[in-house]
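Student: Take a look at this one; I'll ask things after.
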Amino acid sequence: MAFSFFGILAVLLETIRPWLGLIVTVLAVDIVLTAWLWASRRSWSSARRPALLAGALVGVVTFFLAPWLTSARFSDLSGLLDWLSIVGGSVAVALLVAILLWPLMTALFGKRDRT
Amino acid sequence: MSLDSRKASNLSRKDSTARIDDGRRRLLKAAGLGGALAAVAGGTLLSAPTSAMQTRARIVIVGAGAAGIAAANRLARGLDGAAITIIDRRQRHLYQPGLTLVATGIWKPGKVVDRNDRYLPQSVNWIQDHVAEFDPEANRVVTTAGRVVPYDYLLVTTGLKIDFDAIEGMSPELIGRESIGCVYDNPEHAERTWQMIDQYTAAGGVGLFTRGPGGIKCAGAPLKVTMLTEDIARQRSTRRSLEMVYNSPGAGLFSQPDTNEFLKQEFPERDIAINWHHRLKGIEPEAHRATFATPEGDVRIDYDFIHVVPPMRAPDALGNSPLAWQEGGFADDGNWMEVDQFSMRHQRYGNVFGAGDCVGTPIGKTAASVKAQVPVAVDNMINTIRDRETVARYDGYTSCPLITGRGRGILVEFDYALNMVPSFPFISPYREHWVPWVMKDRMLQPAYNAMLRGRI
């Protein structure tokens, strides 16, 4: 049975619904931080590496914990589909964390632009 | 500072500014994309109908299970001015596809319990009672409290009745006692079943796994309970002390032929014996003995654990009404409601539609079937109100994430022709994977909730 784009979106929204409060809070903090960093003319590029490193770390942890988080074991993974899913999922988590942490890392490590 | 060095310094500053501006632009783009996505997402959740039909029709939905609530949401959005009433005494909403996981100790019972009022649209009138009588000649239903509810259009989504009385000596109160389990009906049964499976996989002995004859809801559940029990014993290193026997009432294990062949190989490989044509007929709880009707006569088998799956049928009020099949296989099997298997419309009462477990169709007593049936029933009802042809068709779609062990499963989807119809072509319906397990464990409940809200 085919799922429409809006159908998939509706399922994703139901998936995150229990954590909607947390997600909104994190996004709000990110937006406020971004606005403040923009106003204070911080350099974003200098914080890219630490954000990516933090994301990569979370991604690696996700990769190793994913089977356990789903009440399964690595021995339950079978074939390309499962391995691509776990690797793809971990990379997606890594990128998401890196993007979300970028403003915080800029606040911590970003240099002030002198112009 | 020389002119060249000033130029170089200015260029460097411009580069730096350009880099920062580029970074900001990208951030803004990302923020814009996020905003657009949030707007679309919000729109999906809150959107008003673009072409709701004006009508004063009185619509009654009997049953606030998965099909009833999903239909109420779709009708409330698709119709403007209709008087929609839903009748069901139950305030608790159960996510029944999760009961297998509760009965095998993977989920806590609370995870499958929700409230109907969280999903029912405010514009729908909810009568908290059960229907005692269907009177399609007079276009009305009567509740157990004696309230007469007239309608112009009726949608029957009562669900089904688990017929414990059909097994001599069996009653729901026995579940969780005398080594008896039953995954069906509610989380209390499922939790008590887990206590029995927990004891059995620790102590060992003879385990009998049964399946009711005829149409039952989630026909994969008895198989899943069997395989998960075997898997639990293997994890606990007690498998050798278990003698497991699956008792099929017929000559097969599953209606879809490829999956049936897979299971017929899988069970012997896992040392699960199969008794063909063994229908559970009676049980002697204190003696731990079950009686099976077989072509050779009754057979008695002693057990240390038994998973009882009774036959199922339409609720009495529906099954004894004119809406039920009056003759043929669906009447003999469970007094199921008569509908055209494609349009979900009653064949004798044109203003009556049905969906979910209560209808007599060749296959389709799963939540996945509800997802496919409800839009068809609702579209055809709306077209009937419009006095147009009913063109929506249900192709028999059903799905079973056949869990073969904790952490793996097969996503089986098929239609009336018993052909595999995978939603995701990259997931093989012939091979065990971790991904279908993740879908069962994490994704199907959100999909179910989206279905209740009428979004998918």
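Taken together, the values in this text are just the output of simple stated rules run on the coordinates, not laboratory data. Just so we're clear, the structure is a prediction, and the values are computed from it rather than from any experiment. Here the Cβ positions follow ideal geometry from the backbone for every residue, glycine too, while neighbour counts run over all protein chains shown.
Student: Looking only at residues in segment B:284-298 that are in contact with a Phe, Trp or Tyr (Cβ under 9 Å, 6 or more places away or on another chain) and in contact (Cβ under 8 Å) with a residue 24 or more places away in the chain, which one is surrounded by the most Cβ atoms within 10 Å (Cβ to Cβ)?
Tutor: B:Ala290
Student: Given B:Ile410, B:Ile427, B:Ile385, which one is among the hydrophobic types (A, V, I, L, M, F, W, C), in contact with a strand residue (DSSP E or B) (Cβ under 8 Å, 6 or more places away or on another chain) and without any contact (Cβ under 8 Å) to a residue 24 or more places away in the chain?
Tutor: Working: B:Ile410 fails: without any contact (Cβ under 8 Å) to a residue 24 or more places away in the chain; B:Ile385 fails: without any contact (Cβ under 8 Å) to a residue 24 or more places away in the chain.
Answer to the check: B:Ile427.
Student: Quick check on my filter: what residues within segment B:136-155 are in a strand (DSSP E or B) and surrounded by 15 or more Cβ atoms within 10 Å (Cβ to Cβ)?
Tutor: Going through segment B:136-155, the residues in a strand (DSSP E or B) turn out to be B:140-143, B:148-150, B:153-155.
Of everything in segment B:136-155, those that are in a strand (DSSP E or B) and surrounded by 15 or more Cβ atoms within 10 Å (Cβ to Cβ) turn out to be B:Arg140, B:Val141, B:Val142, B:Thr143, B:Val149, B:Tyr153, B:Leu154, B:Leu155.
Student: Further question on the same structure: Out of the residues in segment B:342-366 that are under 25 Å from the mean Cα position of the chain (by Cα) and more than 24 Å from B:Leu418 (Cβ to Cβ), which is nearest to the other protein chains (Cβ to nearest Cβ)?
Tutor: Here the residue is B:Phe353.
Student: Same structure, new question: Hey, any hits in segment B:166-177 for a residue that's surrounded by 20 or more Cβ atoms within 10 Å (Cβ to Cβ) and either among the basic types (Lys, Arg) or within 19 Å of the chain's Cα centre (by Cα) (or both)?
Tutor: no
Student: When B:Arg270 is evaluated against the numbered criteria (1) in contact (Cβ under 8 Å) with a residue 24 or more places away in the chain; (2) within 18 Å of B:Ile167 (Cβ to Cβ); (3) of a type in the set (Lys, Arg), which criterion, by number, is the only one it fails?
Tutor: (2)
Student: Okay, next question. Residues being charged (D, E, K, R) and free of Cβ contacts under 8 Å to residues at least 12 places away in the same chain: count how many of those fall in segment A:62-115. I'd like the intermediate steps shown before the answer.
Tutor: Initially, segment A:62-115 is screened for residues charged (D, E, K, R), giving A:73, A:76, A:82, A:111-114.
Filter once more, so that each one left must be free of Cβ contacts under 8 Å to residues at least 12 places away in the same chain: A:73, A:76, A:82, A:114.
Of the residues in that region, 4 qualify.
Student: If only one of B:Arg406, B:Arg442 is surrounded by 20 or more Cβ atoms within 10 Å (Cβ to Cβ), among the basic types (Lys, Arg) and facing chain A (nearest Cβ under 10 Å), which one is it?
Tutor: The conditions single out B:Arg406.
Student: OK, next. Just to check your reading of the model, which residue among B:Pro429, B:Pro362, B:Pro401, B:Pro422 is touching a Pro at 6+ places or on another chain (Cβ under 7 Å), surrounded by fewer than 19 Cβ atoms within 10 Å (Cβ to Cβ) and not hydrophobic (A, V, I, L, M, F, W, C)?
Tutor: Details: B:Pro429 fails: surrounded by fewer than 19 Cβ atoms within 10 Å (Cβ to Cβ); B:Pro362 fails: touching a Pro at 6+ places or on another chain (Cβ under 7 Å); B:Pro401 fails: surrounded by fewer than 19 Cβ atoms within 10 Å (Cβ to Cβ).
Step by step, each of B:Pro429, B:Pro362, B:Pro401, B:Pro422 is checked, and only B:Pro422 is touching a Pro at 6+ places or on another chain (Cβ under 7 Å), surrounded by fewer than 19 Cβ atoms within 10 Å (Cβ to Cβ) and not hydrophobic (A, V, I, L, M, F, W, C).
Student: Also: Checking B:Ser369 against (1) of a type in the set (Gly, Ala, Ser); (2) more than 11 Å from chain A (Cβ to nearest Cβ); (3) buried (at least 21 other Cβ atoms within 10 Å of the Cβ), only one condition comes out false. Which one?
Tutor: For B:Ser369, the exception is condition (2).
Student: Among the residues of segment A:4-12, are any more than 8 Å from every other protein chain (Cβ to nearest Cβ) and within 30 Å of B:Asp231 (Cα to Cα)?
Tutor: So far as segment A:4-12 goes, no, none of its residues is more than 8 Å from every other protein chain (Cβ to nearest Cβ) and within 30 Å of B:Asp231 (Cα to Cα).
Student: Determine, yes or no, whether A:Trp102 is within 10 Å of chain B (Cβ to nearest Cβ) and surrounded by 16 or more Cβ atoms within 10 Å (Cβ to Cβ).
Tutor: Considered against the rule, which asks whether it is within 10 Å of chain B (Cβ to nearest Cβ) and surrounded by 16 or more Cβ atoms within 10 Å (Cβ to Cβ), A:Trp102 comes out as yes.
Student: Could you list all residues from segment A:28-77 that are within 9 Å of chain B (Cβ to nearest Cβ), within 23 Å of A:Leu104 (Cβ to Cβ) and not polar (S, T, N, Q)?
Tutor: Across segment A:28-77, the qualifying residues are A:Ile31, A:Trp38, A:Arg41, A:Arg42, A:Trp44, A:Arg48.
Student: Here's a follow-up. Report, by residue number, each residue of segment B:110-135 that is surrounded by fewer than 19 Cβ atoms within 10 Å (Cβ to Cβ) and in contact with a Pro (Cβ under 9 Å, 6 or more places away or on another chain).
Tutor: B:Gly110, B:Lys111, B:Val113, B:His130, B:Asp135
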